[in-house]
Amino acid sequence: MSWETVIGLEIHVQLDTNSKIFSGASTAYGSDQNTNTSLIDLGYPGVLPVLNKEAVMMAIKFGLAVDAKISQRSIFARKNYFYPDLPKGYQISQYELPIVESGSLEIELSDGKRKDIGITRAHLEEDAGKSIHDKFIDQTAIDLNRAGTPLLEIVSEPDIRSAEEASSYMQKIHQLVRYLKISDGNMQEGSFRCDANVSVRPVGQIEFGTRAEVKNINSFRFVENAINYEVERQIDRLENGDEIIQETRLYDPDRDETRPMRSKEEANDYRYFPDPDLLPLEIDQETIDKIRESLPELFDAKVTRYVEDLKIKQSDAEELSRNMQIAEYFEETLEGFGKDAQLVSNWILSEVMAVLNRENIEISAFQIEPMRLASLISRIEDNTISSKIAKDLFNQMLTNDETVDEIIKKQGLEQITDEDSINQYVTDVLIEFSEQKDQYLAGKEQVLGFLVGQVMKRSKGKANPKLVNELIVRKINADTER
Amino acid sequence: MKRHTVKEIQSMIKSKSASAEEIYELYNKRIRQMNDSINAFISIEGDEFDLDTKQADSEVRGVPYALKDIFCSEGDQTTCGSKMLSSFISPYDATVVKNLREKGSIILGKTNMDEFAMGSSNETSFYGDVSNPWDLERTPGGSSGGSAAAVAAGMAPIALGTDTGGSIRQPAALTGITGLKPTYGRCSRFGMIAFASSLDQAGILSISAEDAAIFLEHMAGFDQKDSTSSMETVPKYTDFLSNDLSGKVVGLPKEFFDGSLDTRFQELVTDSIHEYEKLGLKFKDISLPNIKYSVPTYYVVAPAECSSNLARYDGVRFGHRSTEGNDLDAFYKQTRKEGFGQEVKRRIITGTYVLSAGYYDAYYLKAQKVRQLINQDFLNAFEEVDVIMGPTTQQSAFKLGEKVDDPVSMYMNDIYTISSNLSGVPAISHPIGFVDELPFGLQIIAPHFKEHDLLNITHRYQMATDWHLRTPEICRGID
Amino acid sequence: MIEELQEVDTGDIEPMAHPLKMTQRLRADEVTEFNDRDKYQKNTDFAEEGFYKVPKVID
């Protein structure tokens, strides 16, 4: 029997607003328990919700970025169930008329193929608080700081057919929300949470099989593992003649398995109805258009522009664009030095990235501002310094705040370009390394590199390598002509 | 005893014939003397009398009032008539309370009410029944029974209440006072413990329409904390009180005059109509064809909303908390079983049922559609007439205990009043006479935001008659 | 009693969720509420170290 996997992902993204979706309390992460809770978040008697404008704008941004239809009229609904981290006994969410309706996102697979994954809808809702089970012995501790944080729930169509596709889709959404600056996507802090609805069916069957919902997936690797496990589990059961129970399962990364979860809501009847404390949300076309105009250039468009307009290699363009902030850093550097985008790209992808990785920091913490990097690169390009010297200078600039020109002057790093000086070194080197000279004459051309290196060494790296190369060849040829 | 009106208190304070402290003391004393027999108050302000001089030019500075215990008042016990909140001290003021506080008005105490505002007789309160000052064995109506009794008995010059299905107008009618339910959205609901969010509205119980006009000016208005609060400007209602009534047309819905009303009550209504004709009003027969569905519609919508609104009472962050129950499930069940009374439980169950999968379309959605039809009936009627009149209730105050075992019969009490909550239109009830020494009220309904018409019409009637000034026997011998 | 509603012909009528024809107002994204934990937790005897507590939940 051949089986096909059918997956739909539900991703909850915490929106990066200052205050909560329905109250003016702070959304800051990591505060002391229950210190970011207003009476509204605590569900006190008599309190009422008022909608955060920024949360709405962010939802619209997302919708436009995935070519979705923005509902000009959407409704907030109450999802009713009891749980101690849900203070009102209901969650304000959206049910029948969500703010974002059908859209799609293109993903790329490892074999280079591209595929469109449909997005059924995205809607706004409030996050619940946190239950902490290991704080007290017989009791569960409740921290409601998170209660009321705005969430955007993004639901994909069941178009995903493999764990790899799921991971790719999840990564794409992750990149997108960070690009749009609507979320920091921090999975460790719970800003980006993924649930997978997984089912299998015999190849060729049209009806979907019974699905299980897998929760607690907080990395791209885990989504693949969880799905792989679940698919195998389901196929095993079906091949044994057992049914798949529609249930919620928890992924356990330590054991790499999924287990049925003791449901928090016994009945799945949430008794949705429009929240009478909130009115229909109406968005006019003008607002949507304004937001569309303010959308940042997204990944694919950026890559294309880098390749076509800036003439950068495809793989480099992708590498730079992967992280919005690195792309921004790159573009800012280009503003200071725009002559050779590929050169700038090289510097960022090798030297800058090396520092970021070594020190485990984000580009926002990187010590060299774009303009200073630009001036460094322009000094290479105009031959003031050699690229070798530039690399040393770069390292110095991590801790030295002086301008590039100041450092060059102070340390006398200017490139040596006058032929007489270089010829001095060349002569010395050719005498010392006459063996290599002979090898070169015999046809071993690569030895030239060695000789160039030796001249560079004597000049303390300051000689212009190209010129050195030229002069060595000239001298050797001149000598042999005698 | 003299039941001072707010207007009278204003001039006493202005002319300095009495100070705000003296007036406060007077009412305090009356409350202590009379509350044992009437049980209008759940708690009495013990706070030090404190009047800020910055409210010097406020019209309600120094005017004391009774506050239905459904309104959160900072630092005060706020029980909503329920065991569930018997230990709850509110950390904040409801917006309408804050508005009045800033204007220098003072809370005398929190009045008794049907538990979570669910009831029409004030017999479901955890704090015991309230007695009607006109006959202590009878109900004052509900759910604002305590507020109504307090004003009727002169224990407070004016009181705040809430009206979801008639809870201000019906008790006003049964206790011989004036009760106003403003347009939905006129007054902020922030801090008003929610029963049925799309129907609840804060309002006033007073001796006269003039008093209600004065207080409404200071209570009403847009509140950014309430998304359902209206931005409509608040007019100076007192400016409209003495307007001439000639030319105004009153609709008499045939559904309100179908002969089911006892003849003696019908006579009072007819007399009041004659009085109004003398004042210049013209009367016309109209029809509100869907009005008969207002009771079943209400009893689907209100319980649905309340079942959700009351889900927050779980003992975790405030309120009653059961000490039994070892696991979470048992904990919730016990807490809510112990904390809520019968009527509340009944409505939560009904509400849960009508919202449940498979029933939502047939009940809740259907009810909201019928609601639209009822609203349409009003809009159509108001094309032909300026206001609508009819009796507020089908009968005068019934005996305590008479209807407790028959909730459906209790629900039918709301038949004249419910439709205005469903539509959101403002309505007022004022006394028009007595049958067997028990008061009876007339209801006037106006289009959205036309409270000034209601107050104007009622004021003119009250200038020409004195039903609203009649004082119950129980007040005799009290200062 | 509520079965009576089935008699009514509601055809194409829009359900009425709110009495007034208003739409949702939007609030500026500003932090306006600050830590009042101690004040609020006065309303329960069952808070410890700033947490609310319930009987243990097993997931």
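Data for the structure
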quantity	calculated
Gain on full stretching of the segment that runs from B:Arg346 to B:Glu437 - 0.36 nm per residue minus C-alpha separation	29.3 nm
Segment A:Glu414-A:Lys69, length gained on full extension (0.36 nm per residue, minus Cα span)	118.3 nm
Three-way shape call for chain C based on the alpha-carbon gyration tensor, with the a/c threshold at 1.5	oblate
Sorted by Cβ density within 10 Å, fewest first, the residues A:Asp269, A:Asp143	A:Asp269, A:Asp143
Per-residue average of Cβ from other chains inside 10 Å of B:284-296	2
Within straight-line cross-link reach of B:Lys369, lysines at Cα separation under 20 Å, skipping those fewer than 8 residues along the same chain	B:Lys292, C:Lys21
Region A:251-402 shape via C-alpha gyration tensor axes, a/c threshold 1.5	prolate
Pairs beyond 22 Å (Cα-Cα), from B:Lys333/C:Lys53; A:Lys69/A:Lys181; B:Lys16/B:Lys110; A:Lys88/B:Lys225; A:Lys79/A:Lys181; A:Lys69/A:Lys130	B:Lys16/B:Lys110; A:Lys79/A:Lys181; A:Lys69/A:Lys130
Neighbourhood net charge (10 Å Cβ-Cβ; Lys/Arg +1, Asp/Glu -1) for A:Gly185	-2
Centroid-to-centroid separation of region A:95-157 and region B:100-131 [C-alpha atoms, Å]	43 Å
Modelled FRET efficiency - R0 51 Å, B:Gln77 with A:Asp269, Cβ distances, 0.05 increments	0.90
Eligible lysines near B:Lys278 by straight Cα distance, threshold 18 Å, same-chain separation 8 or greater	B:Lys248
Two-site label geometry, A:Val473 and B:Arg470: point separation in nm, points 7 Å out along Cα→Cβ	12.1 nm
All lysines inside 16 Å of B:Lys103 as judged from Cα atoms, apart from same-chain residues fewer than 8 positions distant	B:Lys7, B:Lys14, B:Lys54, B:Lys236
Gyration tensor (alpha-carbon) shape descriptor, the protein assembly as shown, a/c threshold 1.5	prolate
Label point distance in nm, A:Asn357-B:Asp327, each placed 7 Å from Cα along Cα→Cβ	5.2 nm
Filtered trypsin sites (Lys or Arg not before Pro), region B:248-326: DSSP coil and at most 16 other beta carbons within 10 Å	B:Lys254
B:Glu383-B:Gln334 FRET efficiency (beta carbon distance; Förster radius 60 Å; 0.05 resolution)	0.65
Estimated distance in nm for a label pair at C:Asp45 and A:Phe136, the labels positioned 7 Å out from Cα along Cα-to-Cβ	1.3 nm
Mean ellipticity per residue at 222 nm, deg cm²/dmol - from DSSP H runs of n ≥ 4 across chain B, formula -39500 (n - 2.57)	-10500 deg cm²/dmol
Set of region B:441-479 residues, backbone N closer than 19 Å to the point 7 Å along the Cα-Cβ line of B:Val249	B:444-448, B:450, B:453-454, B:457
Most positive-pole-ward Cα, A:Val231, A:Thr37, A:Val6, against dipole of region A:3-286 from beta carbon charges	A:Thr37
At R0 = 56 Å, FRET efficiency that the Cβ-Cβ distance of B:Glu8 and A:Lys290 yields, to 0.05	0.45
Computed lengthening from A:Lys113 to A:Thr304, 0.36 nm per intervening residue step minus Cα-Cα distance	67.1 nm
Unit charges on C-beta of K, R, D, E only; dipole of the protein assembly as shown, Debye	1180 debye
Longest DSSP-loop-exposure-free segment, GluC sites (Glu not before Pro), chain B, at most 13 other Cβ within 10 Å	B:138-323
Antiparallel %, DSSP beta bridges [both residues in chain B], to 5	70 percent
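Quick note: the coordinates plus some simple rules give every number you see, no bench work behind them. Remember, it's a predicted structure, so these values are computed and weren't measured experimentally. Positions of Cβ are backbone-derived with ideal geometry, glycine not excepted, and every protein chain shown enters the neighbour counts.
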